[in-house]
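**Q** Below is the structure I would like to discuss, written out as structure tokens.
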Amino acid sequence: MAQSDVLLERLLKLHPRRIDLSLDRMHRLLAALDHPERRLPPVIHVAGTNGKGSTIAFMKAMAEAAGLAVHVYTSPHLVRFHERIWLGRRGGKGGFIAEPHLAEVLEECERANAGKPITFFEITTAAAFLAFSRRPADLLLLEVGLGGRLDATNVIEQPAVSVITPVALDHAEFLGQDLAAVAAEKAGIIKHGAPVVLAPQPDEVLAVMDREARRKGAPLYAAQHHWQCYEQHGRLVWEDEESLFDLPLPALPGRFQVENAGTAIAALRLFAERTGRPPFAEKDLARGLRKARWPGRLQPILRGPLRRHIGFDDELWLDGAHNPHAARALAAALAEFEEVDEKPLVLIIGLLKTKDAEEWLKAFTGLAAQVICLTIPGQDAAMPAEELAALACRVGLSARTAATLEEALRAASHCRPELPVRIVIAGSLYLVGHALALNGDRA
């Protein structure tokens, strides 16, 4: 076991609950560390329910195409914790934090915390801030973990730009039972005077964001009002009052990625204006759209041990869609696939008990030929496969269970023995991470 793994196991025990939203513990620890959060590169702070990771992936790829050194903080990881911390490098591409460096900053945070209660996400976020503060970069892309207002990342006093991706109901036990309540938590990242980019939002979310931005004197730059992005003749078109870009479609599949790409472009344009940098060139935006990668989001599996369990002509995809809003986006993307190349769709799914499984499953009625349900390995909060299969049958889907992912893959491949099938592993990033680990992939 690597030294960082030992440290991470210890840090998990510093608080009895995995989630306890508050900024008090974070402020205490950062003060003990001499405030690394005040020595960061200019920050683009990203909240939202869905699309945060893809939007960050587009911004990273486009900013790197323009020659910027980009730090990135995202969560959760798929296979190894190191994936959460990307260290940019001036004059080079950078990479995930190295094992000795990660162990060093984790140990430093553990010493500074001195055994006091703190959540795993809080202390590891502090460790990321330490790492980022010690390597010069042009930009830090900082993803909110949960919510916004009381998230550990929200100690950033003055981001260059705040970004809020599509807001939907999720984590109701922490964020509220209706869209307005969830939106209010996400709007907590809006800071006085810092411009805010909004992805396309429902009207009630837009109203909350507009009210909070006005209250804090934060310029609002909202999709469909101040900028728009759409697909036209196989190209991505982005425009506002000043500019019109004709760009290639994103490398990431799915029509919803056009919106995420548009949000990323809007944020980078504001970032350049806010920091006094030259505007991003159209060629760099185009290169970034083509090069962006975000593992576990409609990711094709073309090789590796997982494919040994399915037919040669079967398709295999991974997607971390974990709430009803994301499930509907995934279903729409798979319906597009079906229009181009008809294949029976088999879903291999696992969900957490905290998710609205019935609404998730409804997204695939009339689309999935078969649903194979798993209990996500190693997750105490996983919904039992039998319960998930019963819900699937209730909404009109053909469902069965499997004990392991390998068994599920073999069953999926034989769902239509005479035809190649399209197999999609989905429902949780934890299940996607399990699949990648079995496939020998490090995202």
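**Q** Under the condition of being of a type in the set (D, E, K, R) and buried (at least 20 other Cβ atoms within 10 Å of the Cβ), which residue from the stretch 14-53 is nearest to Val197 (Cα to Cα)?
**A** Lys52
**Q** Which numbered condition trips up Lys191, out of (1) crowded, with 23+ Cβ neighbours inside 10 Å; (2) in contact with a Ser or Thr (Cβ under 7 Å, 6 or more places away or on another chain)?
**A** Of (1) crowded, with 23+ Cβ neighbours inside 10 Å; (2) in contact with a Ser or Thr (Cβ under 7 Å, 6 or more places away or on another chain), only one is false for Lys191: (1).
Let's see how each residue does on (1) surrounded by fewer than 19 Cβ atoms within 10 Å (Cβ to Cβ); (2) within 22 Å of Asp313 (Cβ to Cβ):
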{"residue": "Glu387", "(1), (2)": "yes, no"}
{"residue": "Ala390", "(1), (2)": "yes, no"}
{"residue": "Arg394", "(1), (2)": "yes, no"}
{"residue": "Ile425", "(1), (2)": "no, yes"}
{"residue": "Tyr430", "(1), (2)": "no, no"}
{"residue": "Leu436", "(1), (2)": "no, no"}
{"residue": "Asp441", "(1), (2)": "no, yes"}
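**Q** Filtering the stretch 72-102 down to residues that are in a loop (DSSP other than H, G, I, E, B) and of a type outside the set (Val, Ile, Thr), which residue is modelled with the lowest pLDDT?
**A** So, considering only residues that are in a loop (DSSP other than H, G, I, E, B) and of a type outside the set (Val, Ile, Thr), the one modelled with the lowest pLDDT is Gly91.
**Q** While we're on this one: Going residue by residue through the stretch 386-408, is there one that turns out to be assigned to a loop (DSSP other than H, G, I, E, B), in contact (Cβ under 8 Å) with a residue 60 or more places away in the chain and in contact with a Leu (Cβ under 9 Å, 6 or more places away or on another chain)?
**A** no
**Q** Strands (runs of 3 or more DSSP E) wholly in the stretch 237-355 with at least 2 residues that are in the same structural domain as Gly193 (by TED's automatic domain parsing) - which ones?
**A** Strands (runs of 3 or more DSSP E) meeting the threshold: 244-248.
**Q** Going by the conditions given, is Arg211 part of a helix (DSSP H, G or I), touching a strand residue (DSSP E or B) at 6+ places or on another chain (Cβ under 6 Å) and surrounded by fewer than 17 Cβ atoms within 10 Å (Cβ to Cβ)?
**A** no
**Q** Now, a different point. Assess whether Phe337 counts as being of a type outside the set (Gly, Ala, Ser), buried (at least 16 other Cβ atoms within 10 Å of the Cβ) and modelled with pLDDT under 95.
**A** So Phe337 passes the test.
**Q** Residues Met26, Met62: which one is under 25 Å from Ala183 (Cα atoms), within 23 Å of the chain's Cα centre (by Cα), outside the structural domain of Thr354 (by TED's automatic domain parsing) and part of a helix (DSSP H, G or I)?
**A** Met26
The values are calculated or read from the model by the stated rules, or taken from the named source; none is laboratory data. From a predicted model like this one, the values you see are computed outputs, not experimental measurements. Quick reminder, even Gly has a Cβ in these numbers, built from the backbone with ideal geometry, and neighbours come from all protein chains shown.
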